[in-house]
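Just below is one structure, and these are the notes that go with it.
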Amino acid sequence: MASQEKVLSVNHLVINFKTDNGILKAVRDISFDLNRGETLCIVGESGSGKSVTSKAIMGILANNAIIENGNIMYRGENLLEVSEDEFYKIRGHKIGMIFQDPLSSLNPIVRIGKQITEAMLINSDKLKLMYNDLISDDLIRYKNTLSKMNIEIAGEKRKLEAFLSQLAAKENVSAEEKAADKKAAKEKKLAFQEFEKKTRAQYEKKAKELKAVLEETEKKAKRQVKEYKEKATAEHKARLAELEKQRAAASGSEKENIQKQIEAEKLEYTNKLKLTKAEAKRRALAIMREVGIPEPERRYKQYPFEFSGGMRQRIVIAIALTASPEILICDEPTTALDVTIQAQILELINKIKAERNLSCIFITHDLGVVANMADRVAVMYAGKIVEYGTAEEIFYDPKHPYTWALLSSIPDVDSKEKLEAIPGTPPNMIYPPKGDAFAARSRYAMNIDYREEPPMFKVSDTHYAATWLLDPHAPKVEMPKIVSERIRISLEEDAQGEQGAY
Ligand SMILES: Nc1ncnc2c1ncn2[C@@H]1O[C@H](COP(=O)(O)OP(=O)(O)OP(=O)(O)O)[C@@H](O)[C@H]1O
Ligand SMILES: [Mg+2]
């Protein structure tokens, strides 16, 4: 069961791309949390910004991306601020990702087995891992303070900028008013500077203390690692000397037997210090079994082209699992697969998620898939989250016209026929529309939708939607019949004890 403990938190993320035709606004101020053990589905049409969001979390955005604003907090660290190196040092890669096209994430000319063990062997120095583990909590605490400081300052700065642009946008202002505004602007700027100075001083003091703690921990960790190594080496040497003495005194099969013990002892010693190829292979085979690859020993030596699409996706999942991730991001992992295989992979992801207690971000354009996976759902349109809530809230009490449109376009479970395609096309994100970006395609659009961006209206503690329809002054509008009918039928089926598969 999902808890309320946040494992990942995205705040006010804004991502643009430089293109030949201008600045493309791919992600426009999105915020969401991922709770431990839950699956959060991000759903939306092509181009709504789903993959850009997931790539930002993984730190693999294209070179022309500009992160304009926001942070992605993981274990107290802002992932947008740490270098890849640092991130690795802190925890290893605890966030795994599975992409849409398994072929593109596999190397076609490297055997499957090697591709699985490769990632493990990069980090094969067990002493180093031990050291990183010993210092990681203090390292995070130290880094955390600096991130927090930057976030607080950035938040205050955003408020200041909003205030200033509000003043700048005013029309028909008298000279008197202008002077007053200027004064107010100056005061706000000064107040911000004061705030920044104070905040910095405060956090820097704290950071200094934590740095001292960290340095202590580092010293201790070095000592511990050294002691571990010395102890293992001393034990190994003693045991080896003992065995060699026995070997000298023995003969025949006895001697052979002792020789075997010597080899085993040497291997064990190596395994204490580093992850060996043999051990990596053992682990890889175990993970291949876990993701349902039959005959893993034979498959281990094969190349990607010898695998079917579904099996390839299982391998990609296996690779993601070798790092023992805490968070798994799946970006349309089943889109390239046919329906039966798709169902198997979804089932596999659900199984692994439960067994390993993973937290999962699952990206898809298919609400049918969402229904099978999600604890919570975020609906994205034109670079924004327009509605989010629990799966139940989104399926049984949707509020945004875009969510209605998505729900109307799910193929019927029985007829498999798409009921209503969403009219029109997504906007050009170099010139995103003003107001509610979906207005031009929505038959529920009101005048205000073309002028002003709707805020997130609260529907319940867990359910929010950005549509002016939720404004107390808005006319009362019912969701489309096709959606309410489906909900009614689904609820009836539920009441009859059937699976409400929607
Ligand atoms: N490197 C890039 N340069 C310019 N524009 C980009 C780049 N990467 C993505 N975009 C644009 O950013 C927007 C969001 O793209 P994104 O890939 O996140 O969409 P998506 O929601 O994942 O869609 P799909 O369902 O097709 O995968 C799109 O308009 C896309 O064209
Ligand atoms: Mg995508």
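Nothing in this text is a laboratory measurement; each read-out follows from the coordinates by a stated rule. As the structure is a prediction and not an experimental result, all values here were calculated from the model. Glycine also receives a Cβ, built like all others from the backbone with ideal geometry; neighbour counts cover every protein chain displayed.
Under 5 Å from the amide H of Val7 lie the amide H atoms of Leu34, Asn35, Arg36, each residue being 5 or more positions distant or on a separate chain, with H modelled from the backbone and absent for Pro and chain starts. Once R0 is set to 30 Å, what does the formula 1/(1 + (r/R0)^6) return for the Cβ-Cβ distance between Arg443 and Glu392, expressed as a FRET efficiency to the nearest 0.05? Efficiency for this residue pair is about 0.70.
About its Cα centre, the chain has a charge dipole of approximately 2280 debye under the convention of +1 per Lys or Arg Cβ and -1 per Asp or Glu Cβ, with nothing else charged.
Need one number: % antiparallel among DSSP beta bridges in the chain, to the nearest 5. Just about 65 percent of them are antiparallel. Summarising the amide proton neighbourhood of Ile363: residues at separation of 5 or more, or on other chains, whose placed amide H is nearer than 5 Å comprise Ile42, Cys330, Asp331, Glu332.
Extension gain for Lys351-Lys178 works out to 56.0 nm (0.36 nm per residue, less the C-alpha to C-alpha distance).
The phi torsions of the stretch 17-27, fed into the Karplus equation with coefficients 6.51, -1.76 and 1.60 and a -60° offset, translate into couplings of 10, 7, 10, 4, 8, x, 7, 9, 9, 7, 10 Hz, rounded to whole numbers, with Gly and Pro shown as x. Measuring against 22 Å, Cα to Cα, the residue pairs Lys148/Lys198; Lys255/Lys277; Lys126/Lys237; Lys6/Lys205 contain Lys255/Lys277; Lys6/Lys205 as the ones spanning a longer distance.
Modelled label positions at Glu452 and Val213, each set 7 Å beyond Cα in the direction of Cβ, lie 4.6 nm from each other. Within the same chain, lysines fewer than 8 places from Lys476 are excluded, and of the rest, those with a Cα less than 28 Å from its Cα are Lys384, Lys399, Lys418, Lys434, Lys458. Only aspartates and glutamates eight or more places from Lys178 in sequence, or on another chain, were considered; those with a Cα closer than 19 Å are Glu161, Glu187. Maximal additional length on extending the Lys274-Thr199 stretch stands at 22.6 nm, based on 0.36 nm per residue less the C-alpha distance.
Amide H contacts of Asn69: Val14, each under 5 Å away and 5 or more positions distant or on a separate chain (H built 1.01 Å from N in the peptide plane; Pro and chain starts excluded).
Once you sort the root eigenvalues of the Cα gyration tensor of the stretch 398-495 as a ≥ b ≥ c, which label holds: rounded (a/c under 1.5), prolate (a/b larger than b/c) or oblate (the other case)? It is oblate, given that a/c is not under 1.5 and a/b is not larger than b/c. Computed about its Cα centre, the charge dipole of the stretch 398-495 is approximately 340 debye, with only Lys, Arg, Asp and Glu carrying charge at their Cβ.
Selection among Met130, Pro423, Gly59 by position relative to the dipole of the chain gives Met130 as farthest towards the positive end (Cβ unit charges, Cα centre). Packing around the peptides 115-124, 356-365, taken as the average count of other Cβ atoms within 10 Å per residue, puts them in this order, highest first: 356-365, 115-124.
Given a Förster distance of 41 Å, report the FRET efficiency between Lys237 and Phe305 from their Cβ-Cβ distance, rounded to the nearest 0.05.
Details: r = 48 Å, r/R0 = 1.18.
The value I calculate is 0.25.
Please state the shape class of the chain: rounded when a/c is under 1.5, otherwise prolate if a/b exceeds b/c and oblate if not, all from the C-alpha gyration tensor. In terms of gyration-tensor shape, oblate.
Fully extended, how many nm does the chain gain between Lys18 and Ala62 (0.36 nm per residue separation, minus their Cα-Cα distance)? Working shown, then result.
Details: separation 44, 0.36 × 44 = 15.84 nm, distance 1.02 nm.
Using 0.36 nm per residue and subtracting the Cα-Cα distance, I get 14.8 nm.
Just to confirm my numbers, what's the Cα centroid distance between the stretch 353-387 and the stretch 129-205 in Å? Measuring centre to centre over Cα atoms gives 33 Å.
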